[in-house]
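Everything on this sheet refers to the single structure shown next.
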Amino acid sequence: MDRIWTAFLIGVIGAAITLSAYTQTLISTTQCVTLGLVVLLLGLLVREGLISL
């Protein structure tokens, strides 16, 4: 899978984590939003070629 599709899938996962912050009960809302944003940032770094997976 190429870099763009990998970054897209990471971004979708990050968005899903961020949007699920208010419906899940495993971790606090703030932790869930933070985790989602970190995953989105990882997707951006993959897309820009700074990190390769």
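Every number here is computed from the coordinates shown, using simple stated rules; none is lab data. Remember, predicted model here, so these are calculated numbers, not experimental data. Virtual Cβ from ideal backbone geometry, glycine too; neighbours counted across all protein chains shown.
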Quiz item: Under the definition of Cα pairs under 8 Å and six or more residues apart, what whole-number percent is the relative contact order of the chain?
Solution: 47
Quiz item: Which of these values of percent of Cα pairs over 14 Å apart was calculated from the structure shown: (i) 57; (ii) 50; (iii) 71?
Solution: (ii)
Quiz item: Per-residue HN-Hα couplings for the stretch 13-23, Karplus 6.51 cos²θ - 1.76 cosθ + 1.60 at θ = phi - 60°, whole Hz, x for Gly and Pro?
Solution: 5, x, 5, 5, 5, 5, 6, 7, 4, 9, 10
Quiz item: Given H placed 1.01 Å from N in the peptide plane, which residues other than close sequence neighbours of Ile51 have an amide H under 5 Å from its amide H?
Solution: Val46
Quiz item: Taking the simple approach of a point 7 Å from Cα along Cα-to-Cβ for both Leu41 and Asp2, what is their distance in nm?
Solution: 2.8
